[in-house]
Every structure is written in C-alpha cells, then in structure tokens.
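Peer 1: If you scroll down you'll find the structure; I have some questions about it.
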Amino acid sequence: MKFSISREALLRPLALVAGVVERRQTLPVLSNVLIQVDEAQQVALTGTDLEVELIGRTAASQVEVPGAVTVPARKLMDICKSLPDQAELHFALEEGRAVLRSGRSRFTLSTLPVAEFPSIEEGQGSTELSLPRGTLKQLIDATAFAMAQQDVRYYLNGMLLELKDNLVRTVATDGHRLAVCSRPADIQVAPAQKLIVPRKGVLELARLLDGSDEPVTLTLGASHVRAHTGDFTFTSKLVDGKFPDYERVVPRGGDKVFLADRAELRQVLSRTSILSNEKYRGVRLLLEEGNLRVMANNPEQEEAEENVAVEYSGNTLEIGFNVGYLIDVLNTVDDERVQMTLSDPNSSALLEQPGGGDAMYVVMPMRL
C-alpha cells in the first residue's frame, strides 16, 4: 500500500479511534489500529477492544497502491500530533514495516498481519431507527455519571437505553444513586426495546456525538448496538443481564419539598465537603423553614457549617448524604434552580428541575 494524507485529515478520526484501543491488551494486535485504503481515496481506521469497535473514515489526498495494514495506535497518534500543522504524510509498506515520511522526518513502525485483526461479527440488526445527535448526547450526559464502575453486578456497569414509540430514555445506577432522563423522539419501536450498553461503549459513543440536529442511525441487534454518525461507525456489545426495576426505586409521596439556587447549593456542599470524612464523605443536611444548614465533621474533630437560603415551609428534618453524589447531580441539572423532595431520614431524596423536567435523580441517604 502507498498513499498520502494531510495531518489534519488523519488526526481527528485517529484520535477518536485510538480512544477505543486499550493500553494493556491480551492480544498484541488489539493495541494496533487497522488502516484500509481503497482506490476511491477512502481511508478507514478501525480500533477495537473486542467489546467496542469504532471505524472512522477520512479521505486521502493521493492513493498510489490501495491496501491494508495494522500499526500501533498510540505511537501513530503521538507521531501525528507532534508533526507540524498542515504537514503532508506519505505512508508506504516496505518489507513488512510501515514507513511514514513527512518533510525531513521518517518513522518506521512495526506491523501485524491484517488477518489477525478481529472484527465484531455482523449480527442480524433487527431494528433500525434515527435520532437527532443532540437528543442522544443530552440523554447520555444527563445520566452517565451514575453508572457503576467494576461492580460485581455487571449489569450496573453500563447504561439502560430504553426505546419505545415516541420516547427515548436512559437510566444509570450504581446502587447508591439513580439517574433517569427521558426525551420525546420521532421514532416507532414495536415492541419496546431495552438495551444495556456497557460503560466504555457509552463513554465512547458520547465522544462521537455533538449537540446538532444531524441524525445518528442506531441499529439494534440481539447482542450489539451499532451507531452511524457521519464518517464514524460505532459498534458495542450489549451487556447480557436484567436491569433493576428503576420505577420501584423512585421515591413517591415525599412531603418535604424545597427549592434552592443550584450553583449556590453546589458551592456550599463543595466547601463543606473539605472537612468531611475522607472515606465516607458524609454531610448532614438540616432542613428548616427558609433555610438549609449543611454540616460536616471528620475524625480529627474538625467541623464545617454553612447555611443556604431555600424556599421551604414545613417541619424540620435532618438527613445525611454522601456529598459527592449530591454534587454530581447538581453539576448535571440543567436549570438555575433545583428542587429536592425528602420524606424522612431513612428515605431517598428526589432531585429534579423545579416542577419536574426531562430528568430525575434519586440519592440514597447515609447514616451519620
């Protein structure tokens, strides 16, 4: 193979594709990126970790000999990044090695056989639908923080994507908190679909999406989900498991509802958390008429106390929370104010936009 391409045309798809490639691999070929060039000057870059696969397409400025090769993804990306802007790169395969020339520079990279490069099998895509990229990105951004990391309940290490007629919903939980976001969408799905996309797949898909109304096409298979956006094709295996019934977790009938300024409450919690126990990160909230007192202490007998004005009239309530969980929600709520619904010290809190909205967040209390 032999072709030329500008640094900029190669760098964006390469950066996204290299993000899928894991640094530590069981198979050496998995730390490589597959580069395929055809006569039509199309260059396809593929990266995979056997769970998530990403193909990025770009155009070469000249193709002398079409072909395919696998080269180390990180090294190629670092070389491209370090070359000057607008540089022209000339790729060639010489004696089983990939030679990259640009200006006065020359780099020779090792290669591995293209035949060894795995591809995620094309499952039978049963359902195909199209959504605006911005809608899917907002749904992921609103809930991704609540996904578990390396939980033994493997089905929590991902996000539930629920698709039904005219509605898309994402749900994530790590057992201590829950995030649910729903958006109307112009889709018809019969029967309704529930897919669990693994954590890495969710994060990589979010990197591909922008806030535009351009479509992303989803193909839902029995064990895979595939997304097409512009020049990228993303495929992820699905988690085979049953997601918990999140409807049962959402607290109903809380009688203590208060409104607070989101940014101010977030700052108060951040400052108070400095003196919370480093391991458990607990803070106590004392809700009283017109005021929320936030208190924290730690084993060194250090204490913090702050007050924030809230819209509330009713009985007082003292309740403990992991402060990090509350701050994560406040970072995500898309409104200047936040509404919090409580019932008693042992019941979960419900946080949402004033009067409800697309998203709701449930945080379990802590005993302090």
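The values are calculated or read from the model by the stated rules, or taken from the named source; none is laboratory data. In this text, all values refer to a predicted model and were calculated from it rather than measured experimentally. Cβ coordinates were reconstructed from backbone atoms using ideal geometry, including for glycine residues, and neighbour counts include every protein chain displayed. Heavy atoms of the whole protein, side chains included, go into the accessibility calculation; ligands, DNA and RNA do not. Shrake-Rupley method; radii C 1.70, N 1.55, O 1.52, S 1.80 Å.
Peer 1: At 1.4 Å probe size, put PHE258, PHE117 in order of accessible surface, largest to smallest.
Peer 2: PHE117, PHE258
Peer 1: Let me ask you something else. Among ALA349, VAL333, PHE3, whose Cα sits farthest toward the positive end of the charge dipole of the chain (+1 at Cβ of Lys/Arg, -1 at Cβ of Asp/Glu, about the Cα centre)?
Peer 2: PHE3
Peer 1: Express in Å², to the nearest 10, the accessible area of LYS2 obtained by rolling a 1.4 Å probe over the protein heavy atoms while all chains stay in place.
Peer 2: LYS2 exposes around 90 Å² with every protein chain in place.
Peer 1: Let me ask something else. At 1.4 Å probe size, with every protein chain present, just tell me what the per residue accessible area of the chain comes to in Å².
Peer 2: Accessible area per residue: 49 Å².
Peer 1: Right, something else. Using a 10 Å cut-off on Cβ atoms, rank the peptides 291-303, 332-344, 134-146 from the highest mean neighbour count down.
Peer 2: 134-146, 332-344, 291-303
Peer 1: Largest first, what is the accessible-area ranking of SER61, SER182 with a 1.4 Å probe?
Peer 2: SER61, SER182
Peer 1: Which of (1) -0.63, -1.43; (2) -0.75, -1.18; (3) -0.61, -1.27 is the computed log10 I(q)/I(0) by the Debye sum over Cα atoms at q = 0.10, 0.15 Å⁻¹ for the structure on display?
Peer 2: Only one option fits the structure, namely (2).
Peer 1: Okay, moving on. With a 1.4 Å probe and all protein chains kept in place, how much accessible area does CYS181 have, in Å² rounded to the nearest 10?
Peer 2: The accessible area comes out at roughly 10 Å².
Peer 1: Also, I was wondering about something else. Between the stretch 267-324 and the stretch 175-254, what's the alpha-carbon centroid distance in Å?
Peer 2: 34
Peer 1: May I pose another question? May I ask you to list the lysines whose Cα is less than 28 Å away from that of LYS75, ignoring any residue fewer than eight positions away on the same chain?
Peer 2: Reachable lysines: LYS2, LYS200, LYS237.
Peer 1: Given a 1.4 Å probe and every protein chain left where it sits, what share in percent of the accessible area of the chain is carbon and sulfur?
Peer 2: Reported share for carbon and sulfur atoms: 45 percent.
Peer 1: While we're on this one: Is it possible to state the helix-based mean residue ellipticity at 222 nm for the chain, with each DSSP H run of 4+ residues giving -39500 (n - 2.57), the sum divided by total residues, to the nearest 500 deg cm²/dmol? What is it?
Peer 2: Estimated from H runs of four or more residues: -5500 deg cm²/dmol.
Peer 1: Additional query: Taking N as the number of residues in the stretch 174-239, what is its Cα Rg relative to 2.2 N^0.38 Å?
Peer 2: My calculation over the Cα atoms of the stretch 174-239 gives 1.20.
Peer 1: Treating the angle as unsigned and between 0 and 90°, give the value, to the nearest 10°, between the Cα long axis of helix 7-20 and the longest Cα principal axis of the chain.
Peer 2: 60
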